[in-house]
Structures are given as C-alpha cells and as structure tokens.
Amino acid sequence: MKEYRTISQIAGPLVFVEKTEPVGYNELVNIVQADGTIKRGQVLDTSDELVVVQCFETTAGIGRDSGVRFLGETIKMPVGRQMLGRILSGSGKPKDGGPEIVPEKRLDIGGAAINPYARDTPRQFIQTGISTIDGTNTLVRGQKLPIFSGSGLPHNEIALQIARQAKVPGSTEEFAVVFAAMGITKEEENQFMQDFERTGALEHAVVFLNLADDPAVERIVTPRLALTTAEYLAFELDYHVLVILTDMTNYCEALRQIGAAREEVPGRRGYPGYMYTDLASIYERAGIIKGKKGSVTQFSILTMPGDDITHPIPDLSGYITEGQIVVSRELHRKGIYPPINVLPSLSRLMNLGIGEKMTREDHKKVSDQLYAGYAEGVDLRGLVAIVGKDALSERDRLFLEFADLFEDRFVRQGHNEDRAIREDTLDLGWELLATLPEEQLVRIDREMIQKFHPRYRKKAAEESGTSSATASDLRSESM
Amino acid sequence: MVTAVDLDAHMYDVVKVGHEQLMGEVIKIQGENIIIQVYEDTAGIRPGEPVENTGLSLAVELGPGLLTSIYDGIQRPLEVLVEKMGDFIERGVTAPGLSHEKKWEFVPVKKAGDTVGPGTIIGEVQETNIVHRIMVPPNLKGGVIREIRTGSFTVEETVCVLEDGTELTMMQKWPVRVPRPVTEKKNPDIPLITGQRILDGLFPIAKGGTAAIPGPFGSGKTVTQQALAKWSDAEIVVYIGCGERGNEMTEVLTEFPELEDPRTGKPLMERTVLIANTSNMPVAAREASVYTGITIAEYFRDMGYDVSLMADSTSRWAEAMREISSRLEEMPGEEGYPAYLAARLSEFYERAGRVETLNQDMGSVTVIGAVSPPGGDFSEPVTQNTLRIVKVFWALDAKLAQRRHFPAINWLNSYSLYLDSLHDWYDENVNPEWNRIRAWAMEVLQKESELQEIVQLVGSDALPEEEQVTIEVARLIREVFLQQNAFDPVDTYCSMAKQYDMLKAIKTYADRASAAQRAGVLTSQIVAIKAKNDLPQVKFEKDYNVLLEKIYAQMEAEFTALKEA
Ligand SMILES: Nc1ncnc2c1ncn2[C@@H]1O[C@H](COP(=O)(O)OP(=O)(O)OP(=O)(O)O)[C@@H](O)[C@H]1O
C-alpha cells in the first residue's frame, strides 16, 4: 500500500493531503507519525490532487513528516455476540483489558436508512415504572424518545432507573442495552459503570466510552458504532435493544468544531446547516422491521444549553425524535424526583401502545385529563402570585391544589420505586382526579367515569359487599 | 456532490455516476465542470469513475399503478426496493415508478375517427375504486384516431394510434420541475371539507386553495396533515413525507388501508399516493420529493379530479435546498437559505389551483404545507416567505399543545382568506344561519381573549356579571367545539351538519343565558346550568341527536325553573 508524505496543511482535526491515485469519499485513512504512532481518519473530500482527511484522534503529533495511507475501504466495524458484557472505547477498541472482538460480521457504520415500507409500527408498551412516563408519556418498543435536560439535573439517574426497570410486562424475550457515552466526565462514567455492575446489567450490555478528555472528533463515530452494534443485535440476533446515548450535546459540539475547521458557512448559532440531516442519521436508527424479532429503542440524553428548549440542539432533536421527556430545574429545586415536567414532554407513539388489551381502556383519557388539570393549575399559580388566593373561585382553588398534589404524588417517586401501570400509575391518577368536581372532567366520557372514578368504584364495591381495593386505598410505597 | 468533466450536459439532466450507476442530477455548469447532485450516498466513489448522461431531466412515470403506491423522493417504489435489496435502502438500485408488467383493463371512450388534442381523455382503467382516465399527453399535439384498442395491456403497450402514426400508451412521462398545462385557472369557491371543526368551522380552505400549518415540534402538524389526508373530501390524496420520520410513514401505511372514506365507505388507501423520503434518506431526493408529489397531483387533476396534497414538511425541503446550495458555495441569503428560496416556494404553491383542464373538465389541486420553524419562531424565512403566498394560515401553538388542547390551532392568530368566496356555499349547503353563527363564535373568542387580560390582573370574580357568562360560553366553544380528538373513532371526523348542530347548541345556551340575565337571574345560577355539562359528550356519540335533544329539553327545563324562582 502506498504511503504518501504529502501533507500540505493541518487545521484542527483536518489534514490536507496531496495524492496521485484516486481515493474514495469516506474511505478510511491511517496517519503514521514519525514516532510510529498510527492515527485513524476518514476522507471528507476528494478531488484529483487533494484529499481532506478528518482525523478521529487529536492531530497533536501529526506533522508534514507524517505518512498517510489510504486503506481503500470505508469504516467497517467488527460485530459479534461476544460484544455483550464488553466495555469499548469511543472508537470501538477494548477498554476493559479483554481480547479484541472476533468479528462475526463487519458492518458499515454509516447505517443505511430502514426502508419505510419494511418498518413495522411500534405498538408494544414498555413499562418503565415511572408514572410521568408510563402514565402520561408512554414509551413503546422501537421508539426514539430522548431526555431533554440541563446541566446539573438528575438525567443520568432517570436514565439508569429506566434501564433498570424497563420491561414489557409478561415478556421474557432477550434484551440488551447498548450504552454510548460521548464526552461525559469520569465521575459520570463511574456513576453509570457502578450501577451497571451493581445490578448485573453489564452482562447484557455493550458499553462505548468517549470521555470528556478523549478527542472530540471521535464523538462523531461513537454513536454510529453503538447503533451499528444495536442493529446487529436486534435484526440479526433477535434482541430487544435499548440504546442509551449520552450526551448528544457533546456530539453536536464536535460536529460544530469540524464544520468550523472546514470553514463551512455556519447555520443557526454556529452549528452546521446540515445538523438536522446528520442528527436524523443517528436518531432514525431505531424501530422495528417486519418479520424480525428484535427491536431498537433509543433513549438519548441531551443537556439544553442554558435550559433553552429552542436552542438548535434540542430543537432539531425534537423535530426528529418521537417526543421528548423534559427534566425541569424548577421541580428539581422543589426537591421532586424525578423532576419531569409533563407539560412540555410528549410521547408521540403513546397512542399506539396504550388502551384496552395493552394497558387499560381509560389510559388515554386519564392522561389527557391529568394534563389539562395540571396545566390549568400551573396557570393559576401565576394568577395567584398577582391577585392572591382569595380572589380565586372555588373551582380555581381546586385546580390549584390539584397541581400541587399532582407534583407531590404523581410526579414524585422513589429512585427504586417501580410502579405498575394499572394498579399504581393509573389508579393514582384517578385518585388525584377525584379531588376535582366531576363535571370538570370533560376529557373523560361518562362511561369511563362510571367505571373507574373512585366514587363509583367504591359504590360498586360496597354494593357487591366485597372489600376489593379501591383506588383511594393505594398508596405509593417505597420512597 | 460530484464534479464531472468532459460531459455533454444540460442543467437538470439526469446522469448515472460511477461504476455503481448512482442516479444524479446536473445542478450547476461551470465552464468544463459539470456539478452533479447525487440522489444516493456517495461513500467510496473515486475520482476517475465514469459519468453517463441520460440526456433527460428528472421525470415521473404517470399511469395506472400510482394509487396505493409508496415512493421515495425520485419515484422509486419502496415496496419494490424491499424486494430488490432488503429492509435497508442500499444504493445503486433503480426501479421504474410503475410496474411495466402488470396488465390493466383499458376501456376506450373515444373511437376511430375522433379528433383528440393534448389532454383529451381517450379511455379509462378501473385502477382501484377510482377510475383512472387515460389522456393524450399534454406535450403531444394530437390528431385523428386511426385505431383504438380494448382489452388488457401493460402501460408500455400501445392502446391507440393516431392518423399520423403517433402511438399512445397508458403511461406518460413528465418532468417534475415543469407545471402541467391547463386551459384556465378558476377562482376557488367550494370548500374542501375536512371534518375538522376548527378548520371547516373557523378557517376553511377552498378546493384548489393553499394553506400552511406552521408550528414548533410536537404541536400537531403531522396529526393534522394526516387527519386531512384521511377525512378531507378530495377524490385523490397525495401525501409527501419530506424529511420526516420513518415511523410516521409506516403508521400511514398500516392505518390507511383499514380506514374507510366516511362518504363513500371505500378504503382510504385506494385514493392515496404516498411519497416518503424520510430525514435519513438522501437530501437530494428529499429536494426532489416535493416536485414528484405535485406532478402526480397535477396529473390526477388533469383527469378532472379534486386532489389534495399534503407536504410534511416544507421546511425540510427548504433545508435540503440550503444544504445543496451551501455545497455549491452559492451566496447565502437569509439564515443561510439560498436567495431563490422565496421563488421556489411560490412556484410550488402556484401549482395549486382550481382549473379547467385541457379536456374541459373542472379539477383542482389543494396544497397544504407543514412548516417547522426553528425554535417555533414564526419570523424565520421559510414561515415568512410561505405566509406571503398562501391564503390560509393555521397557526399551531405550543402552549395549547402542552395543555393537550388539540388541534392546537390558535384561533386568534389563524386566518382564512377564502371566507368571502365560500360564503354562498355554506349558505346553500350547510345552513343559511351558518355564516352568522360562525361570526358570532369568533366574536366570543375574541372577546374572551380581551377579558382574559383583565382576569389576569384582577381575578375572574371581579368581572361584570355579563362578561362572566361570556367567559363561560367561550369555554364551551373551546372545549366542546374547537377541541377535537383525532384518535377517537367518532370524534376524528365531524360532518358539517354535526358541526352546525354543536355550535347551534352552544349559541342556544348563550342566548338563553342572556335572556335569563335580563330577567334578573343570578349569573352563578346561569353558569351552573347542568344541561351543558353533557355537551362534550356529543362529540363522542355517533347518533348524537338523541343526546342533543335531551340536552335541549333539560336546558329548557332548567332555565324555566330559574325564571320562575
Ligand atoms: N387533533 C389531535 N388530537 C389528539 N392528539 C393530538 C392532535 N394533534 C396532535 N396531537 C398530539 O400531539 C402529538 C404531536 O403531534 P405531531 O406529531 O403532529 O406534531 P408535529 O407538529 O408534526 O411535530 P414535528 O414537527 O416534530 O413532526 C401527537 O403525537 C399527539 O399525541
């Protein structure tokens, strides 16, 4: 293989090389430093004389005396069942002292788009045990649902709780977790790794770690390696895979850095104009395929710079993902865990996974009514701040109290509290709704009210003489 | 993007790039350099590989077989692609838009000796429950028919021969970037009935009209577009998923075949053509998808059909233009979009319209575009340039969506410029009272928003008695009439008659309330009338008249009792 010593320019992560043979776009490159160290890169631009190489590692140490070899192939990743239980670097090299991965297959990491015609509709309810998710923002298998958070908020705890508790009630199918960290701190790494080890989750997990002090450009490949692994596990080995990507904000920063080094015309707030398309090539790699047993469900975490949901990173993400779970600083300050603000949160696939035969027939309406009631109560808080509680009508006072109750009982729960959808979450919802006048429950039809409203249930129980548990008997237990 | 040299090419010619023959389009010619936008991923393509010019511009195949199909942005049938290359979209595979093998039963409507011109309908094919009318392509000059055949043919076989020897098949090709000709554009004066109360009731769109639905993520663009695709009384629906989610298209694919047209009882899928170029499919094909869709829509219009086209989302289309333009290193305009953004948008919406076809029939293309403004900020270029063109604006509102008021269309910011031209239609076809009641409802909502400002300062108890009733009536209009659950089997579609009945019931309460007030009844008692509590339930009842009568009777009784007390 020919080695060129024709580096003409180095700028940030980019290396410009003059060459004579044709080199393909996206081909893999080895850069050999004078001291023998080999660094990996990828062709970004290619013309008759010049090639632009994006180096995955730091360009420190690369100089005009370094050699460049074009490997004649695009990035292919070795994948295999043995990856389960392994910890790999952000570029896929073993980091746990274990052996190299023996490949069952080598796959292109770019990942082709799933043909929409081949997709199957996700409709299987995943119970996370968290009421604000299961009850009001339900997750289904094959969905991509990110957590929009802010720095210093407990998004990692939430993600871990979900990874621990997530299950399809009644199912015993094989599952796996693929975890990819991009630019997280050592401390965060410990938090994740300890939890994985403590709970035995590591056995079913493949971990990719790109830490804060690892090269930023490596972050561009890390999520793609993770998703390639996930697709292999799901669509060739029949696993139900939960992919956790954290922190997508660091990924986007790396993207911006490369854009700047290429002197591209920047888009909104300095991020590349193609960031939507680029993010889509990550987020869209989730779903179910007709005739395949496995699934890829994506849970990515991103921290909103300045808690601003209109910032390009959460904004473009929200346009691609199937909803979002928003973590709120205000609820966190009030000491509520998990501080999930349901109002801006959304699960778009919720309707597919809930209802009769899946969760319960009243699920949708209870959720809508909880939303409406909470939104109204939260609005009234603003009014109370101006006119005082006394100026409120009786009806308004009830809504105000409802909002407090909702946060305290429905939102708040323990780190290890795993609530069942019907008995815990939905019945709790009814219990809270019962504090509102019945005619205010306009989102719920008569039939449902008569079947599920605690007042009627109690009556029914009394009439039949049994002492079956009514909703008001249920308390959230462990805190 | 690929640059070719030594290629004899014209702008927008379709070319085949490299050993894998990837499809691309010439988008810039600079001296010797021909710049090509490739519709597929270009990883691994090396300088020196061959480029071949087809000499044709990007065109779609039009003929029997379009309905129920799902295509990518350049009309490759996704179903065929699954057969050819599996579950993932690999590159270098081509497939014709129409099946060239399938045979269709052709029934002529013209006979030998008849004279036909461009656009003349010469025969029919029962494609689904829809009759596909076969036309002389608009770019042929026509003539006298020498022979016309009856029977089973593929789309490539000749069904008709003219005296000058011209052979006609059931398929025509049309370049997507060129509008198909019509005899004359007419004024749109018939509403497109959508079954969505806030749209039909407050902000209607006309057949052949244009509308935009801008909104931040999660506010309901897709759900609204899909509701329109399902329930609007168009005869043909073209739905373009442009740079959006794969799962959304799958949802349409699984859901539509199970749904029935509420008017004809026929499966909705049979009138639908889907274009799906999801966000992770190549950007160049995304740019083309909108043209592919509108060309198919125009083709059905030319048969004399009312077609409606949904484009979700035009912002992703604009972004595709921006990505391509920035790779060409063109001088960027506002926010990096190319300077020709406004022109492209208006050219696209200009292809909508109610027309007299070349065959002298009436047909229409209604265009409804979703817009996804960054950060939900309507002042950005795509929203602004779109609003300058379209006649109907349905403004989605994150605040409403957050409290699950759906459809989250803001009734204060939205507008329809078709109200005047549709006035008579409503008079004749719904109820002579309709236009008045509609105006009344808008007034109440307007008034409520003014009152809300006062309430925010002093609390609701401080409002004058009369205004407290207004607040209650406005609440009913919002919660009963405007809110509509797209996922409830009954509420998802609301006929014009039901819309009228619902609004009329609210108005009756309002009228009775002010009469009672004048007679000295306490406001708190008026607001406490129980009969109206059942109004929301009307939405979910199929045979709602029984319930509505009960409500009227109870309302009557309650008001009478109040007056007597
Ligand atoms: N008419 C409606 N009835 C009930 N629910 C609705 C309605 N409209 C929207 N929703 C709810 O809002 C969610 C988001 O709607 P939708 O997917 O249409 O948003 P969007 O504006 O298209 O977002 P994006 O731009 O990100 O695609 C839906 O999943 C649904 O839960």
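Looking only at the stretch A:312-337, filter to residues that are more than 19 Å from B:Gln402 (Cβ to Cβ) and free of Cβ contacts under 8 Å to residues at least 40 places away in the same chain; which one of those is nearest to the ligand (Cβ to nearest atom)? So the residue we want is A:Arg333.
Which ones in the stretch B:458-483 are without any contact (Cβ under 8 Å) to a residue 40 or more places away in the chain and touching a Leu at 6+ places or on another chain (Cβ under 9 Å)?
Our first condition is that a residue be without any contact (Cβ under 8 Å) to a residue 40 or more places away in the chain; within the stretch B:458-483, this holds for B:458-464, B:467, B:470-471, B:474-475, B:477.
Residues satisfying the conditions are B:Gly459, B:Ser460, B:Asp461, B:Leu463, B:Glu467, B:Thr470, B:Ile471, B:Ala474, B:Ile477.
In the condition set (1) closer than 17 Å to B:Met496 by Cα; (2) touching a residue at least 12 places away in the same chain (Cβ under 8 Å), B:Ser421 is compliant with all but (1).
Answer with yes or no whether A:Leu346 is touching a strand residue (DSSP E or B) at 6+ places or on another chain (Cβ under 6 Å) and within 16 Å of the ligand (Cβ to nearest atom). Criteria met by A:Leu346.
Condition test on B:Ser279, is it more than 18 Å from A:Leu279 (Cα to Cα) and either within 16 Å of the ligand (Cβ to nearest atom) or within 12 Å of another protein chain (Cβ to nearest Cβ) (or both)? Quick ask: steps written out before the conclusion?
Working: more than 18 Å from A:Leu279 (Cα to Cα): no; either within 16 Å of the ligand (Cβ to nearest atom) or within 12 Å of another protein chain (Cβ to nearest Cβ) (or both): yes.
No, not satisfied.
The condition (being without any contact (Cβ under 8 Å) to a residue 24 or more places away in the chain and of a type in the set (Asp, Glu)) is satisfied by just one residue among B:Glu32, B:Glu83, B:Glu40: B:Glu83.
Keeping to the stretch A:287-313, report how many residues are within 9 Å of chain B (Cβ to nearest Cβ), in contact with a strand residue (DSSP E or B) (Cβ under 9 Å, 6 or more places away or on another chain) and not in a strand (DSSP E or B). Here the count works out to 4.
B:Gly293 meets all of the listed conditions (1) buried (at least 24 other Cβ atoms within 10 Å of the Cβ); (2) within 14 Å of chain A (Cβ to nearest Cβ); (3) in a helix (DSSP H, G or I) but one, namely (2). Can you pull out every residue in the stretch B:358-375 that is within 14 Å of chain A (Cβ to nearest Cβ) and assigned to a loop (DSSP other than H, G, I, E, B)? Selection gives B:Ser372, B:Pro373. For the condition within 16 Å of the ligand (Cβ to nearest atom) and either within 13 Å of B:Ser69 (Cα to Cα) or not assigned by TED's automatic domain parsing to the domain that holds B:Ile70 (or both), what is the one hit in B:Thr250, B:Thr272? Residue meeting the stated conditions: B:Thr250. Out of curiosity, is B:Val490 within 12 Å of chain A (Cβ to nearest Cβ), surrounded by fewer than 17 Cβ atoms within 10 Å (Cβ to Cβ) and over 22 Å from B:Trp434 (Cα atoms)? So B:Val490 passes the test.
Take the residues in the stretch A:349-383 that are assigned to a loop (DSSP other than H, G, I, E, B) and within 12 Å of another protein chain (Cβ to nearest Cβ); name whichever of them is farthest from the ligand (Cβ to nearest atom). Within the stretch A:349-383, the match that is farthest from the ligand (Cβ to nearest atom) is A:Gly355.
Does B:Asp424 fit the bill of being more than 30 Å from A:Leu441 (Cα to Cα) and either hydroxyl-bearing (Ser, Thr, Tyr) or within 16 Å of the ligand (Cβ to nearest atom) (or both)?
no
Checking B:Glu347, B:Glu329 one by one, the residue that is within 11 Å of chain A (Cβ to nearest Cβ) and surrounded by fewer than 24 Cβ atoms within 10 Å (Cβ to Cβ) is B:Glu329 and no other. Residues that are in contact (Cβ under 8 Å) with a residue 24 or more places away in the chain, part of a loop (DSSP other than H, G, I, E, B) and closer than 23 Å to B:Ser289 by Cβ within the stretch B:46-76 comprise B:Leu58, B:Gly63, B:Pro64, B:Gly65, B:Leu66, B:Leu67, B:Thr68, B:Ser69, B:Asp72, B:Gly73, B:Ile74, B:Gln75, listed in sequence order. In the stretch A:95-206, counting only helices (runs of 4 or more DSSP H) that sit wholly within it, the ones holding 1 or more residues that are under 14 Å from the mean Cα position of the chain (by Cα) and not hydroxyl-bearing (Ser, Thr, Tyr) span A:131-134, A:155-165.
Looking only at residues of the stretch A:274-286 that are in contact with a strand residue (DSSP E or B) (Cβ under 9 Å, 6 or more places away or on another chain) and buried (at least 22 other Cβ atoms within 10 Å of the Cβ), we find that the one that is nearest to the other protein chains (Cβ to nearest Cβ) is A:Glu284.
Looking at B:Asp72, B:Asp41 in this structure, which one is touching a Leu at 6+ places or on another chain (Cβ under 7 Å) and at the interface with chain A (Cβ under 10 Å from one of its Cβ atoms)? Spell out how you get there, then give the answer.
Details: B:Asp41 fails: touching a Leu at 6+ places or on another chain (Cβ under 7 Å).
Every option except B:Asp72 fails the conditions.
Residue pairs whose Cβ atoms lie under 7 Å apart, sitting 6 or more positions apart in sequence or on different chains, and linking a residue in the stretch B:215-234 that is closer than 18 Å to B:Asp488 by Cα to a partner that is among the aromatic types (Phe, Trp, Tyr) and near the ligand (Cβ under 8 Å from one of its atoms), are B:Gly220/B:Phe406. Can you say whether B:Pro179 is at pLDDT 95 or above and surrounded by fewer than 24 Cβ atoms within 10 Å (Cβ to Cβ), as far as the supplied structure shows? It is true that B:Pro179 is at pLDDT 95 or above and surrounded by fewer than 24 Cβ atoms within 10 Å (Cβ to Cβ).
Scoring A:Ala34 on the criteria (1) more than 14 Å from chain B (Cβ to nearest Cβ); (2) assigned to a loop (DSSP other than H, G, I, E, B); (3) touching a Phe, Trp or Tyr at 6+ places or on another chain (Cβ under 7 Å) leaves a single failure, condition (3).
Answer yes or no as to whether B:Phe256 is within 12 Å of the ligand (Cβ to nearest atom), within 14 Å of chain A (Cβ to nearest Cβ) and not aliphatic (A, V, I, L, M).
When the stated conditions are applied, B:Phe256 does not pass them.
Within the stretch A:390-415, residues that are within 14 Å of chain B (Cβ to nearest Cβ) and part of a helix (DSSP H, G or I) have Cβ atoms under 9 Å from residues that are surrounded by 18 or more Cβ atoms within 10 Å (Cβ to Cβ) and among the polar types (S, T, N, Q) in these pairs: A:Ala391/B:Ser460; A:Asp396/B:Ser460, counting only partners at least 6 apart in sequence or on another chain.
Against the conditions (1) of a type outside the set (Val, Ile, Thr); (2) within 12 Å of chain A (Cβ to nearest Cβ); (3) within 30 Å of B:His405 (Cβ to Cβ); (4) without any contact (Cβ under 8 Å) to a residue 40 or more places away in the chain, B:Leu274 satisfies every one except (4).
State which residue is nearest to B:Ile409 (Cα to Cα) when the search covers only the stretch B:209-245 and only residues that are facing chain A (nearest Cβ under 10 Å) and more than 8 Å from the ligand (Cβ to nearest atom). Filtering the stretch B:209-245 for residues that are facing chain A (nearest Cβ under 10 Å) and more than 8 Å from the ligand (Cβ to nearest atom), the one nearest to B:Ile409 (Cα to Cα) comes out as B:Gly241. Would you mention how many residues in the stretch B:403-418 are surrounded by 18 or more Cβ atoms within 10 Å (Cβ to Cβ) and touching a residue at least 40 places away in the same chain (Cβ under 8 Å)? Final tally of qualifying residues: 9.
Restricting the stretch B:382-405 to residues that are within 24 Å of A:Ser345 (Cβ to Cβ) and touching an Asp or Glu at 6+ places or on another chain (Cβ under 9 Å) leaves a set whose member that is farthest from the ligand (Cβ to nearest atom) is B:Arg403.
The values are calculated or read from the model by the stated rules, or taken from the named source; none is laboratory data. Note that the coordinates shown come from a computational prediction; the quantities given were computed from them, not determined experimentally. Backbone-built Cβ (ideal geometry, glycine too); neighbour counts: all protein chains shown.
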